[in-house]
Structures are given as structure tokens and as C-alpha cells.
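A.B. asks: One structure follows; several queries about it will come next.
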Amino acid sequence: MQISILLVTLLGMAFVAAAFVFVVLNSGPRDEDYGGIAKRGYFIRRWWMIGLCAAGVVVSAWSLVPFPLQASSVESPRIIQAIGRQWSWELASSSVEAGEPVRFRVTSLDVNHGFAIYGPDDQIIAQTQAMPGYYNDLDVTFERAGKYRVLCLEYCGLAHHTMVAEIDVKERR
Ligand SMILES: [Cu+2]
């Protein structure tokens with residue numbers, strides 16, 4: 001979907017640029033007597049316009065095309081299994097590096113849980129559902145080092161509030 005929107009946009013831009021170039025190429029001095037200097041001026045102006053249009057197309061295409069898709073990150077993420085159960089979290093690893101792309105593969109062994117990651121300042125930074133029979137991927141890149149916590153966001157029984165796990169985010173080496 002993103003790609004087709006991009007293509008339509010680029011096509012539209014190319015059309016406008018082509019129309020512009022067409023007008024510039026087909027415009028010229030009116031039937032009057034122009035000396036060599038005026039002709040040279042028109043010549044320079046025409047190629048200046050064409051150059052500007054071409055530069056505009058290149059610059060705008062340049063900033064659009066290598067845009068990162070939301071669905072993927074440049075570095076392939078480190079995958080960490082995260083399993084929820086009444087009433088604890090089991091993380092395959094609880095130690096990551098800041099700046100390292102991580103993909104939590106989240107599931108549950110019993111009922112639905114809410115897998116939510118809180119930062120050192122207790123702000124939520126990412127969350128997904130932990131569901132029995134499903135794996136939900138949650139892509140996170142921890143920006144800052146510190147102690148992060150995983151809490152359950154969905155009431156899942158008596159000891160729901162004890163579902164806490166820690167993630168230790170270390171400074172990148
Ligand atoms: Cu829970």
C-alpha cells in the first residue's frame with residue numbers, strides 16, 4: 001500500500017515536471033527583433049529552468065525513495081521469545097543493548113495477557129497482546145540504557161499485578 005502511494009505520487013510529480021519542461025521548451029521570444037545578447041539570455045534562462053526542474057525531481061525523489069518502511073528495520077532484529085503465563089513473564093533474554101533492534105516474539109501459555117514495556121521513567125514505550133496460540137511480534141529499539149520493566153496490561157487473574165519482568169538495557173559497546 002505504501003509503495004503504491006509512493007508510485008502514484010512519483011508518477012504525478014513526473015507528469016507535472018514533464019509539463020513544466022514542455023512549456024519551457026516551447027516558449028521563446030516573441031516575434032520581435034532581438035539582438036544576440038537577448039537571445040543568449042533566453043538560452044541561458046531556458047537551460048537554467050530545465051536544470052532547476054531536473055534538480056527538483058532528483059532532490060525530491062532522493063528524499064522519498066530510501067525511506068525506511070515501518071515493517072522492517074535496516075539491521076535485522078535480535079529475536080527474543082517472551083512467554084506470558086499466570087502469573088509471570090518468561091523472557092528468553094533479559095539483557096539487550098541500547099540502539100540494538102529487538103523483536104519480541106510474544107505469546108501466552110494460558111489466557112490473554114498484555115505485554116507492555118515501561119522505560120526507566122515509568123513511561124510505556126511499547127505494548128502488544130500475549131495470546132495463547134499466537135505469536136505477536138513487537139519491534140523495539142531501546143534508545144537509552146537503564147532498567148526497563150515488562151508489566152501485564154490485561155487483568156488475567158488474582159496475581160495479575162505480580163507479572164513483572166525486568167529488561168536490563170546496557171550502554172552499547
Ligand atoms: Cu497477565
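A.B. asks: Can you tell me which residue is nearest to THR141 (Cα to Cα) among those in the range 94-106 that are in contact with a Leu (Cβ under 8 Å, 6 or more places away or on another chain) and crowded, with 19+ Cβ neighbours inside 10 Å?
C.D. replies: The extreme case among them is PHE104.
A.B. asks: Name every residue in the range 73-93 that is at pLDDT below 90 and either outside any loop (DSSP other than H, G, I, E, B) or surrounded by 11 or more Cβ atoms within 10 Å (Cβ to Cβ) (or both), in order of residue number.
C.D. replies: Answer for the range 73-93, where residues must be at pLDDT below 90 and either outside any loop (DSSP other than H, G, I, E, B) or surrounded by 11 or more Cβ atoms within 10 Å (Cβ to Cβ) (or both): SER73, PRO77.
A.B. asks: Scan the range 107-133 residue by residue and report those that are in a loop (DSSP other than H, G, I, E, B), surrounded by 15 or more Cβ atoms within 10 Å (Cβ to Cβ) and within 14 Å of the ligand (Cβ to nearest atom).
C.D. replies: VAL111, ASN112, MET131, listed by residue number.
A.B. asks: Just to be sure I understand, how many residues within the range 94-106 are within 12 Å of ALA82 (Cα to Cα), away from the ligand (no atom under 13 Å from the Cβ) and more than 18 Å from the chain's Cα centre (by Cα)?
C.D. replies: Residues in the range 94-106 being within 12 Å of ALA82 (Cα to Cα), away from the ligand (no atom under 13 Å from the Cβ) and more than 18 Å from the chain's Cα centre (by Cα): 2 in total.
A.B. asks: Could you count how many residues in the range 134-165 are within 16 Å of the ligand (Cβ to nearest atom) and in a strand (DSSP E or B)?
C.D. replies: Going through the range 134-165, the residues within 16 Å of the ligand (Cβ to nearest atom) turn out to be 134, 136, 138, 149-165.
In the following step, the residues that additionally are in a strand (DSSP E or B) were identified as 136, 138, 149-152, 164-165.
Within the range 134-165, residues that are within 16 Å of the ligand (Cβ to nearest atom) and in a strand (DSSP E or B) number 8.
A.B. asks: Confirm whether GLY146 is exposed (fewer than 13 other Cβ atoms within 10 Å of the Cβ) and more than 23 Å from the chain's Cα centre (by Cα).
C.D. replies: No: the conditions fail for GLY146.
A.B. asks: Could you count how many residues in the range 34-64 are in a helix (DSSP H, G or I) and either surrounded by 13 or more Cβ atoms within 10 Å (Cβ to Cβ) or in contact with a Leu (Cβ under 7 Å, 6 or more places away or on another chain) (or both)?
C.D. replies: Number of matching residues: 11.
A.B. asks: Moving to a separate point now. Which members of the range 107-117 meet the condition of being under 21 Å from PRO77 (Cα atoms) and over 21 Å from the mean Cα position of the chain (by Cα)?
C.D. replies: So the first thing to find is which residues in the range 107-117 are under 21 Å from PRO77 (Cα atoms), and the list is 107, 115-117.
Correct list: THR107, PHE115.
The values are calculated or read from the model by the stated rules, or taken from the named source; none is laboratory data. Since this is a predicted model, take the numbers as computed values, not measurements. Neighbour counts are summed over all protein chains in view; Cβ atoms, including those assigned to glycine, are modelled from backbone coordinates with ideal geometry.
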